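**Q** Following this message is one structure expressed as structure tokens.
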Amino acid sequence: MSQALWAEPARSQQVSLETLSAVALLGLPDDRTLERSTSALLQRAYRDGTGAAGPGIRNSFYRLSPEERVVLSGLHQARWSYARLARILGKTSAQVAELAWSARLYLISVPGQQRSVPHPTGSGRNAIHCPEYEPKRPWTQTFLDEETPLRDRPFLQEHLLACATCRQALSSCKQVYYAVDSLIPRIESREQEQVRVLQQVVRRSNGVRDPLTLSFWQSFRIFLERGDIQVFMTLGVVVLLVLAHRLGSPF
Ligand SMILES: [Zn+2]
């Protein structure tokens with residue numbers, strides 16, 4: 001997520017390490033750690049005033065507000081729900097949907113032109129039965145984000161089979177969805193290593209908080225990595241070498 005907020009990779013990695021290290025120490029469940037870290041990253045992004053910079057300057061994604069970038073990255077890359085994003089942003093799910101739609105329309109718009117997506121106008125043969133099309137958060141977007149309430153899905157699927165107007169609306173929304181999808185920064189294979197480091201940070205913080213969750217070898221490795229232990233062991237080796245030398249000498 002920090003990659004969505006800081007275009008510059010080194011800065012992004014540094015901020016995510018710092019934030020995750022601090023939040024992981026709170027000892028929250030993994031889900032809450034993720035949400036708290038994202039909220040903290042977002043606050044920091046607003047303080048830093050992150051925008052299009054460095055390698056991200058050509059990607060219009062970085063011209064969106066930090067909130068909009070978190071929403072789109074959350075939806076397209078992490079497949080987060082509106083509810084989770086709402087908790088992170090301190091908004092309602094409806095506000096998250098509106099933020100997502102305006103950000104998506106912005107990304108596909110040509111400068112100087114207002115991009116509108118065709119939708120059911122009420123003049124179709126089945127229009128009276130068509131789902132209500134809210135221009136600020138259309139049902140087509142809700143459907144593609146897999147946020148359509150369970151109880152409405154059978155109606156919608158059946159309706160789409162019968163109504164060409166709504167099929168057309170959904171098809172237009174799909175074009176928006178996939179055009180936006182291609183603009184979302186992805187985790188490259190070289191960055192998988194960074195993700196592994198972040199996972200270690202969380203595991204280690206959990207271990208510091210609760211040593212019982214560590215295996216013997218994990219504890220042993222952390223023990224060996226401690227600076228004071230390394231100094232002590234070096235001194236021990238020197239003493240052993242001196243003793244061995246003295247025992248081996250004729251005096
Ligand atoms: Zn319809």
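**Q** Could you please find all residues in segment 138-191 being touching a Leu at 6+ places or on another chain (Cβ under 8 Å) and within 14 Å of the ligand (Cβ to nearest atom)?
**A** W139, T140, F143, L160, C166, R167, L170, C173
**Q** Of the numbered conditions (1) loosely packed, with under 11 Cβ neighbours inside 10 Å; (2) not in a helix (DSSP H, G or I), R151 fails exactly one; give the number of that condition.
**A** Looking at each condition in turn, R151 falls short on (2).
**Q** Suppose the filter is at pLDDT 95 or above, hydroxyl-bearing (S, T, Y) and either under 30 Å from Q14 (Cα atoms) or part of a helix (DSSP H, G or I) (or both); does T140 pass it?
**A** yes
**Q** Can you say whether P111 is in contact with a Cys (Cβ under 6 Å, 6 or more places away or on another chain) and modelled with pLDDT under 85, as far as the supplied structure shows?
**A** Spelling it out, it is not the case that P111 is in contact with a Cys (Cβ under 6 Å, 6 or more places away or on another chain) and modelled with pLDDT under 85.
**Q** Which pairs have Cβ atoms under 6 Å, sit 6 or more apart or on different chains, and link a residue in segment 155-166 that is among the hydrophobic types (A, V, I, L, M, F, W, C) to one that is part of a helix (DSSP H, G or I) and more than 6 Å from the ligand (Cβ to nearest atom)?
**A** Here the result reads L160/R167; C166/L160, each pair linking segment 155-166 to a residue that is part of a helix (DSSP H, G or I) and more than 6 Å from the ligand (Cβ to nearest atom).
**Q** Still on this structure: Condition (residue is closer than 21 Å to L41 by Cα, polar (S, T, N, Q) and within 17 Å of the chain's Cα centre (by Cα)) applied to segment 94-106: is it met by at least one residue?
**A** no
The values are calculated or read from the model by the stated rules, or taken from the named source; none is laboratory data. Everything numeric here is computed off the predicted structure, so don't read it as measured data. Cβ: placed from backbone, ideal geometry, glycine included. Neighbour counts: every protein chain shown.
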